[in-house]
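Rule-based calculations on the coordinates, nothing more; no lab input. As the structure is a prediction and not an experimental result, all values here were calculated from the model.
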Amino acid sequence: MNKIKNVILTLTCATMISGAFAQTATPPPSTGTSISAAQDPKALNDPAVSQRLSADLNSRNAQLGTNSVSWFDAGNGYYGTYTVGTNNYMTRYDRQGNYIETYTKGNWSDSTVPPSLMTSYNESMYKGQPITGYWTVSDPGKSGYYLEVQGKDGKTGRIYADENGKFLSAPRTAEKPRP
């Protein structure tokens, strides 16, 4: 009986520890200071899903035009990365194809990074890990952030934060489907 308890305790601890460091990734991206637990993004190979997401994105962003979008399956949803002019964007959708939000890529060393986000990062378990990507929600009436940090293992971890710079336990989900 003690062996079973020890095995269960060990598995529980391992699950909790791995959950705190579970996500590695690239863009398009947890409680207090954990990284979001989505799987590593993979190129989206389903043409029907890509077409549906692209059609919705084109209806939301007339400036996109014929610019190409790279679509990825992040496990918890999809995201597309693209460039319009000199700006880089990432748009997220849930597993059902409902729009969530769009991010604009910024510069972490820029003076426009909110002090609350900088403070959260500097007081987190990620401090000292290089920020390789800094994204800001660009939708009207919404705010939040997405950080890419390079882990000691060389993989990129994704961290989502709310408008106050507080790290989220998971990326935001769609509020309601678009009619």
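How big, on average over all directions, is the shadow cast by the Cα convex hull of segment 23-161, in nm²?
One quarter of the hull surface, i.e. the mean projection, equals 8.7 nm².
Whole-Hz Karplus ³J(HN,Hα) for segment 152-167, in order, using 6.51 cos²θ - 1.76 cosθ + 1.60 and θ = phi - 60°, x for Gly and Pro?
5, 7, x, 7, 9, x, 10, 10, 9, 9, 7, 5, 9, x, 7, 5
Taking amide H positions as placed 1.01 Å from N in the peptide plane, with prolines and chain starts having none, which residues 5 or more places from Asn88, or on another chain, fall under 5 Å of its amide H?
Placed amide hydrogens put Lys105 under 5 Å from Asn88.
Can you give the Kirkwood hydrodynamic radius of segment 83-135 from its Cα pairs, in Å with one decimal?
13.1 Å
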